[in-house]
Amino acid sequence: VSVDAHGPTSSNTSVARTFINFLKSYIGSGILGLPYAFLQGGVIFSIFSLMVLAMISNYCIRLLIAVSDELEWKYGKTFSFGAIGKALFGLKGRIIVDVSLIFTQVGFCCVYVIFIGDNLQGIYGGIPSWGYVFMLIPFLIAVCWLR
């Protein structure tokens, strides 16, 4: 059972499936772009930047968990990210959180589609990578509609 802004809803998602989805979306796209980022930034700067961003991310995740635990203790139910934003900052907070999540997810999707297009272009070579991207979009949209 999960809880969103409209109350509890049933779900067939387990903790393991949620963890795998987290790995695929957050870590997967980062791993795809990390070698290029290191190439552009240099080894020393890139390692330092990666460590600083890891510390900031760790702090933010811990802060989010603490706020979520506090709200769960106070109200007796689990809150979604948007509901946490609404509880803390009102409707504007919910809108900012939800729009940020949309941009994050769209960014992940763009990284994957570009990665696929670049790899297909490297294998077949006759078509530029953006051509493969446009050819893949209808197929990927159809796959996304599968449940």
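Any residue in the range 127-147 that's modelled with pLDDT of 90 or more: show its pairings with residues that are open to solvent by less than 80 Å² (accessible area, probe 1.4 Å) and not in a helix (DSSP H, G or I) at Cβ separation under 8 Å, as long as the two are six or more apart or on different chains. The qualifying pairs are Met135/Ile127.
Counting the residues of the range 96-105 that are among the hydrophobic types (A, V, I, L, M, F, W, C) and either more than 24 Å from Gly33 (Cα to Cα) or open to solvent by 80 Å² or more (accessible area, probe 1.4 Å) (or both) gives 4. Within the range 8-29, the presence of a residue that is in contact with a helix residue (DSSP H, G or I) (Cβ under 6 Å, 6 or more places away or on another chain), open to solvent by less than 60 Å² (accessible area, probe 1.4 Å), at pLDDT 90 or above and among the polar types (S, T, N, Q) is excluded.
Identify the residue in the range 77-95 that is aliphatic (A, V, I, L, M) and farther than 14 Å from Leu64 by Cα and, among all such residues, is most open to solvent (accessible area, probe 1.4 Å). Lay out the reasoning, then the answer.
The first filter runs over the range 77-95 and keeps only residues aliphatic (A, V, I, L, M), leaving 83-84, 87-88, 91, 95.
Filter again for farther than 14 Å from Leu64 by Cα, leaving 91, 95.
Details: Leu91: 112, Ile95: 91 Å².
Across the range 77-95, the extreme among qualifying residues is Leu91.
Pairs are defined by a Cβ separation below 7 Å, a sequence spacing of at least 6 or placement on different chains, a first member in the range 63-77 that is small (Gly, Ala, Ser), and a second member that is part of a helix (DSSP H, G or I); the pairs so defined are Ser68/Ile84. Scan the range 38-76 for residues that are surrounded by 11 or more Cβ atoms within 10 Å (Cβ to Cβ), of a type in the set (Ser, Thr, Tyr) and farther than 22 Å from Ile95 by Cα and the total you get is 2.
What tally of residues in the range 111-147 results from selecting those that are of a type in the set (Phe, Trp, Tyr) and loosely packed, with under 10 Cβ neighbours inside 10 Å? Reasoning before the result, please.
Kept after step one, since they are of a type in the set (Phe, Trp, Tyr), are these residues of the range 111-147: 112, 115, 124, 130, 132, 134, 139, 145.
From what's left, loosely packed, with under 10 Cβ neighbours inside 10 Å: 124, 139, 145.
Number satisfying all stated conditions: 3.
Tyr124 - would you say it is more than 18 Å from the chain's Cα centre (by Cα) and assigned by the TED database to the domain that holds Leu64?
Details: more than 18 Å from the chain's Cα centre (by Cα): yes; assigned by the TED database to the domain that holds Leu64: no.
In short, no.
The values are calculated or read from the model by the stated rules, or taken from the named source; none is laboratory data. Small disclaimer: the values here were computed from a predicted structure and weren't measured. Using ideal geometry, Cβ is built from the backbone for each residue, glycine included, and neighbour counts are taken over all protein chains shown. Side chains included, ligands, DNA and RNA excluded: accessible areas come from the protein's heavy atoms. Shrake-Rupley method; radii C 1.70, N 1.55, O 1.52, S 1.80 Å.
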